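Visitor: First, the structure itself, so that you have it in front of you.
The values are calculated or read from the model by the stated rules, or taken from the named source; none is laboratory data. Computed from a predicted structure; not experimentally measured. Glycine gets a Cβ as well: all are built from the backbone with ideal geometry, and neighbour counts include every protein chain shown.
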Amino acid sequence: MSSLAPDMPEAALAVSHLSHSFGARAVLRDVSFTVHRGDFTVLLGLNGAGKTTLFALITRLYHSRSGDISVLGHDMKRDPLSALARLGVVFQQQTLDLDLTVRQNLRYQASLHGMTRANADPRITEELSRVGLLERLDDRVRNLSGGQRRRVELARSLLHAPSLLLLDEPTVGLDIESRRFLRAHVSQLCQTTGLGVLWATHLIDEVVPEARVIVLHRGQVLAEGPRASIAAAQQGDIGAAFAALTQDQAA
């Protein structure tokens, strides 16, 4: 993946005063935050905090009526095609076609982004090589392990060289080694390509030392900043800091 152009806006993702309700039930309340280029940002929240709803709004699966979302300076309401073109997504539920080969799945995704086969095939080779699965190119997806399928989904999300990558609970159901690989690989992409990442999780151990953290609880942002600054109030223990923040709000 090529590095980001130096003249691109610094903010990969900007969310401003975003609220959302399902009927009378408020799910997100005045949510604002920024993900910068090159940042590994962890959206940390318990199940039901609003993480998946937030992702659905950013990807326009839901329409946001209150607040603003922009990707690389492209407003999601006024210019959704430009915003979405700069976005890659790994959803919580796996979305590969199990009866197709890895190559067929990735070629299909590339075509959705308007990539010709001549342009897509080198990118497929590059991204599968990065995740160590180039030799499985012509295997049917159903013959891959859960961790391997996740690696394919990650490769797929990066084919069009997005500037922002969203991952919604990407390690759910994976073994320890697969979880470790995904975290390390995505973190490295941030450092080497300038990719902006928003990684949603409820797992404290996925808040890597270099991460920026957004604590989301009951639809509200309780804290945002580098892991070290958020954990400082609890002698550097991010788990204790998260517990204190969420308990304080509950009280």
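Visitor: Mind listing whichever residues of the range 182-199 are in contact with a Leu (Cβ under 9 Å, 6 or more places away or on another chain) and farther than 16 Å from Ala12 by Cα?
Guide: Leu182, His185
Visitor: Which pairs do you get when a residue that is closer than 19 Å to Gly239 by Cβ, found in the range 45-59, comes within reach of a residue that is at pLDDT 95 or above and part of a helix (DSSP H, G or I), reach meaning Cβ atoms under 7 angstrom, with the pair 6+ apart or on two chains?
Guide: Once the first residue is closer than 19 Å to Gly239 by Cβ and sits in the range 45-59, its partners that are at pLDDT 95 or above and part of a helix (DSSP H, G or I) give Gly45/Lys51.
Visitor: Is it the case, given these coordinates, that Leu96 is surrounded by 14 or more Cβ atoms within 10 Å (Cβ to Cβ), assigned to a helix (DSSP H, G or I) and under 20 Å from the mean Cα position of the chain (by Cα)?
Guide: no
Visitor: Among the residues of the range 207-223, is there at least one that is farther than 21 Å from Thr53 by Cβ and in a helix (DSSP H, G or I)?
Guide: The answer is no, given that none of the residues of the range 207-223 is farther than 21 Å from Thr53 by Cβ and in a helix (DSSP H, G or I).
Visitor: Have a look at Ala26, Ala56, Ala12 and point out the one that is within 14 Å of the chain's Cα centre (by Cα) and outside any helix (DSSP H, G or I).
Guide: When all the criteria are applied, what remains is Ala12.
Visitor: Hey, can you tell me all the residues within the range 189-206 that are in contact with a helix residue (DSSP H, G or I) (Cβ under 9 Å, 6 or more places away or on another chain) and in a helix (DSSP H, G or I)?
Guide: Leu189, Ile204, Asp205, Glu206
Visitor: Could you please find all residues in the range 161-178 being buried (at least 21 other Cβ atoms within 10 Å of the Cβ) and of a type in the set (Ser, Thr, Tyr)?
Guide: Ser163, Thr171
Visitor: Related question: Any idea which of Ser32, Ser19 is outside any loop (DSSP other than H, G, I, E, B), surrounded by fewer than 15 Cβ atoms within 10 Å (Cβ to Cβ) and not assigned by TED's automatic domain parsing to the domain that holds Leu144?
Guide: The conditions single out Ser32.
Visitor: Look at Thr95 and say whether it is in contact with a strand residue (DSSP E or B) (Cβ under 6 Å, 6 or more places away or on another chain) and in contact (Cβ under 8 Å) with a residue 12 or more places away in the chain.
Guide: So Thr95 fails the test.
Visitor: Kindly indicate whether Tyr108 is assigned to a helix (DSSP H, G or I) and free of Cβ contacts under 8 Å to residues at least 60 places away in the same chain.
Guide: When the stated conditions are applied, Tyr108 passes them.
Visitor: Moving to a separate point now. Run down Thr59, Thr34 and say which single residue is more than 18 Å from Ser157 (Cβ to Cβ) and in contact with a strand residue (DSSP E or B) (Cβ under 8 Å, 6 or more places away or on another chain).
Guide: Just one listed residue meets the conditions, Thr34.
Visitor: From the list Asn119, Asn47, Asn105, which one is over 25 Å from Gly225 (Cα atoms), among the polar types (S, T, N, Q) and exposed (fewer than 15 other Cβ atoms within 10 Å of the Cβ)?
Guide: Going through Asn119, Asn47, Asn105 in turn, the sole match is Asn119.
Visitor: To continue, here is another question. In this structure, does Asp139 turn out to be surrounded by 15 or more Cβ atoms within 10 Å (Cβ to Cβ), over 19 Å from Leu195 (Cβ atoms), in the same structural domain as His17 (by TED's automatic domain parsing) and in contact with a strand residue (DSSP E or B) (Cβ under 8 Å, 6 or more places away or on another chain)?
Guide: no
Visitor: Which of the residues belonging to the range 119-136 are closer than 25 Å to Gly196 by Cβ and either over 19 Å from the mean Cα position of the chain (by Cα) or in the same structural domain as Glu177 (by TED's automatic domain parsing) (or both)?
Guide: Asn119, Ala120, Pro122, Arg123, Ile124, Thr125, Glu126, Ser129, Gly132, Leu133, listed by residue number.
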